[in-house]
Amino acid sequence: MHKRDFIKQVSLLGLTASPLFLSLQKILGAVEGVSPAELAGDEGFWEKIRATYRLKPDYINLESGFYCILPEDTLEHLIAHIRKVNYEGSYYMRNHRVDDKAKITAKLAEMAGCAARELIITRNATESLDTVIGGFHWKAGDEAVLANQDYGAMRNMFKLVEQRYGVVQKIIDVPMHPKSDDEIVKAYASAITSKTRLLMVSHIINITGHILPVREICDMAHASGVKVLVDGAHAFGQFTFSIEDLDCDYYGTSLHKWLSVPLGAGFLYVKEKNIPKLWPLFGDTEKEPSDITRLNHTGTNPVHVDLTIANAIDYHNAIGAERKEARLRFIQNYWTDRVRQIDNVILNTPEDRHRSCAIANVLIKGMVPADMAKALLETYKIWTVAIDGSGVQGCRISPNVFTSTEELDALVDALKAMAA
């Protein structure tokens, strides 16, 4: 990002460039013109990016998939926003809150590749997706298609509408190591009938890191008159895409994961023509049916988190979406390529480069995932999460831009020792 573009960005909410951000600008200025692919393996450059975070030295953090910690610049802005809102109190809430949220929504929509009138800021992906699942106008006998590997909270919401409205769930299994996109599309297509109303698909499966061909699935479903809801909890901020290009009907995500926004922020996209067709989960009868904000009446919320979204986007844009994606793909392949052929090591993430980004899932044959995660932490000081369900067993490894190859060397050595 050029300096003049940066100044234009931070002026959104009357902010000023922090010393931390100006330092980042110098780091990035030194590599201007270097391709993302070439920069992906430049440890000297990424060590400087790592220095913009405060990292706990007690363990190697390879669990960014739950919550990505904030870089220090974003954290300082969060604290400043808390102080500002607390200082102005209800004056801020009554005079500036709505306008500021509209500005941030527009900035978020620009990054997402959709119109601001189609997007609302929520508290997380669960709230976003449940707003659609629970707000759909279901009738008894309607069918919904989803996958066994989808996130548990969403599957639980479908169970609720099944109990309440008599909706029938058609659950498929996503091929773990598909030979083609068509194999995945056919798996979803096989569950569609004349009664299917909604299909939910994960943009990236949270437990394996498998990126699914969402546009092809949307095209297939739309040809049968089926609406598509995309769970993008782990996609937004991890790799580049445009919601408009996906042509989905609904898209929900969390921002506290790969965009490194403070806890308590997500968004919901609803294609404009579908907005009037959703029933709000929270009462708001004063707005027009076509106004998406009628789906967002959740009461008073921690507005300082919303304000910090703008700063997180600035940090993301400063590093560069393409640079960030290239680095995340590089570090995932860095360790998975070195263990994929080792006896007793099972990779639950596709080998094809385009089918994954930062996240991968690994299992030591004969080990229970919980025991594996415990051993990684207690013996090797590596923090991960155990996955044991939905047909997947292993530890999810989700590094971030602050992860060094030296730390991944430690992971590889640990896996080799455990597999021996």
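The values are calculated or read from the model by the stated rules, or taken from the named source; none is laboratory data. Bear in mind the structure is a predicted one, so any value in this text is a computation, not a measurement. Cβ coordinates were reconstructed from backbone atoms using ideal geometry, including for glycine residues, and neighbour counts include every protein chain displayed.
If the condition is being assigned to a strand (DSSP E or B), surrounded by fewer than 19 Cβ atoms within 10 Å (Cβ to Cβ) and among the small types (Gly, Ala, Ser), then the range 387-420 contributes only 389.
Per this entry, residue 171 is counted among residues that are closer than 30 Å to residue 347 by Cα, surrounded by fewer than 16 Cβ atoms within 10 Å (Cβ to Cβ) and not basic (Lys, Arg).
Residue-by-condition table, conditions (1) assigned to a helix (DSSP H, G or I); (2) closer than 29 Å to residue 260 by Cβ; (3) at pLDDT below 95; (4) among the β-branched types (Val, Ile, Thr):
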| site | (1), (2), (3), (4) |
| --- | --- |
| 114 | no, yes, no, no |
| 150 | no, yes, no, no |
| 183 | yes, no, no, no |
| 199 | no, no, no, no |
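Evaluated against (1) in contact (Cβ under 8 Å) with a residue 60 or more places away in the chain; (2) farther than 24 Å from residue 137 by Cβ, residue 268 falls short on exactly one condition, (2). Considering the range 236-262, the residues that are in contact with a strand residue (DSSP E or B) (Cβ under 9 Å, 6 or more places away or on another chain), part of a loop (DSSP other than H, G, I, E, B) and in contact (Cβ under 8 Å) with a residue 40 or more places away in the chain include one that is farthest from residue 306 (Cα to Cα), namely 238. Of the residues screened, residue 100 is one that is farther than 30 Å from residue 380 by Cβ and of a type in the set (Asp, Glu). Taking the criterion of being in a loop (DSSP other than H, G, I, E, B) and of a type outside the set (A, V, I, L, M, F, W, C), the residues of the range 25-58 that qualify are 32, 33, 35, 41, 42, 52, 53, 54, 56, 57, 58. When you check residue 319 against the structure, is it crowded, with 18+ Cβ neighbours inside 10 Å and more than 17 Å from the chain's Cα centre (by Cα), yes or no? Yes; evaluated as a whole, the condition is true for this residue. Picking from residues in the range 94-129 that are surrounded by fewer than 17 Cβ atoms within 10 Å (Cβ to Cβ) and among the basic types (Lys, Arg), the one that is nearest to residue 153 (Cα to Cα) is 117. Checking each residue in the range 313-350 for being over 15 Å from residue 411 (Cα atoms), assigned to a loop (DSSP other than H, G, I, E, B) and in contact with a helix residue (DSSP H, G or I) (Cβ under 8 Å, 6 or more places away or on another chain) picks out 320, 343, 344, 349. The single condition among (1) among the aliphatic types (A, V, I, L, M); (2) surrounded by fewer than 23 Cβ atoms within 10 Å (Cβ to Cβ); (3) assigned to a loop (DSSP other than H, G, I, E, B) that residue 233 does not satisfy is (2). Close contacts from the range 362-387, counting a first residue that is without any contact (Cβ under 8 Å) to a residue 60 or more places away in the chain and a second that is assigned to a helix (DSSP H, G or I) and basic (Lys, Arg), with Cβ to Cβ under 9 Å and a gap of 6+ residues or different chains, come to 386/374. Looking at (1) surrounded by fewer than 20 Cβ atoms within 10 Å (Cβ to Cβ); (2) in contact with a strand residue (DSSP E or B) (Cβ under 8 Å, 6 or more places away or on another chain), find the lone condition where residue 309 falls short. Here residue 309 clears every test but (1). Per the listing 401, 412, the residue uniquely of a type in the set (A, V, I, L, M, F, W, C), modelled with pLDDT of 95 or more, over 25 Å from the mean Cα position of the chain (by Cα) and within 26 Å of residue 51 (Cα to Cα) is 412. Could you go through the range 58-69 and let me know if any residue there is at pLDDT 95 or above, under 17 Å from residue 305 (Cβ atoms) and either buried (at least 16 other Cβ atoms within 10 Å of the Cβ) or of a type in the set (A, V, I, L, M) (or both). Scanning the range 58-69, I find at least one residue that is at pLDDT 95 or above, under 17 Å from residue 305 (Cβ atoms) and either buried (at least 16 other Cβ atoms within 10 Å of the Cβ) or of a type in the set (A, V, I, L, M) (or both), so the answer is yes. Only one of the numbered conditions (1) of a type in the set (Val, Ile, Thr); (2) more than 20 Å from residue 284 (Cβ to Cβ); (3) surrounded by 15 or more Cβ atoms within 10 Å (Cβ to Cβ) is not met by residue 79, and that is (3).
Could you tell me which residue of the range 133-174 is farthest from the chain's Cα centre (by Cα), considering only residues that are acidic (Asp, Glu) and farther than 17 Å from residue 387 by Cβ? Across the range 133-174, the extreme among qualifying residues is 142. What do you reckon, is residue 345 over 30 Å from residue 98 (Cβ atoms), β-branched (Val, Ile, Thr) and surrounded by fewer than 16 Cβ atoms within 10 Å (Cβ to Cβ)? Taking the combined requirement at face value, the residue does not satisfy it. Residue under question is residue 337, and the condition is that it be under 22 Å from residue 234 (Cβ atoms) and surrounded by fewer than 16 Cβ atoms within 10 Å (Cβ to Cβ); does it hold? Judged against the criteria, residue 337 is a match.
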